[in-house]
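What follows is a single structure, written as structure tokens, with notes after it.
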Amino acid sequence: MISEKNDLREERNLKTETGAAGVKSETLKRVGIVAAIALVAFLLGFVPMWLSARNYENERDAAVKTLRPSVLQNNLATAAINARRGEFEQARQQTSDFYTDLRAEVDREESAFSLWQREAVQPILAQRDETITQLARNDVAAVDRLTDLYFAFIQVKNSPAPEQK
């Protein structure tokens, strides 16, 4: 009899443990399903926003690429104006920055300049040392040189590539 009672107790304990394991298993399944649904909902919101952000990033990059030659033009014009006003040191620094930025733009893989424009800019780049030296010496001839450089740069910047024959 005692043995039967022990057997019944063990059977009940076994059923309770099996039932508890079944409840835990069922709870884990539900948590997994809820987590999967939450992940899908997150991705449904994330993917369109990511695509939109990527589109805006491409538009921004295109705008910056278009703007870079204008910034170069503005820097050179400012240097020419400062030289005309007799502020040669400031003009020298701005001219140096112009040449540095122009060289970086020409060497950039995704340059705003076409291949033809990159070649046409080389004579401007070749005048770097002479121009900066004139400005460092407070030479009045630097004013005319900067003005000529400005107009040469404008011509290159605004010129379309020549047609190929």
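Please treat every number below as a calculation from the coordinates, not as lab data. Everything numeric here is computed off the predicted structure, so don't read it as measured data. Using ideal geometry, Cβ is built from the backbone for each residue, glycine included, and neighbour counts are taken over all protein chains shown.
Tabulated results
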item	result
Extension gain (nm, one decimal) between Lys29 and Leu115, 0.36 nm per residue minus Cα-Cα	24.8 nm
Karplus (6.51, -1.76, 1.60) ³J(HN,Hα), θ = phi - 60°, over region 38-46, in Hz, Gly and Pro reported as x	5, 5, 5, 5, 4, 5, 5, x, 6
Cβ charges +1 (Lys, Arg) and -1 (Asp, Glu), total dipole of region 57-114, debye	340
Low-density loop positions, chymotrypsin sites (Phe, Trp or Tyr not before Pro), region 44-150 - DSSP coil, at most 15 other Cβ in 10 Å	none
Average Cα contact separation per residue, region 62-158, under 8 Å, 6 or more apart, as relative contact order %	36
Cα gyration tensor, region 62-158 - rounded (a/c under 1.5), prolate or oblate	prolate
For region 86-99, 3J(HN,Hα) per residue [Karplus equation, 6.51 cos²θ - 1.76 cosθ + 1.60, θ = phi - 60°, Hz, x = Gly/Pro]	x, 8, 5, 5, 5, 4, 5, 5, 5, 5, 4, 4, 4, 5
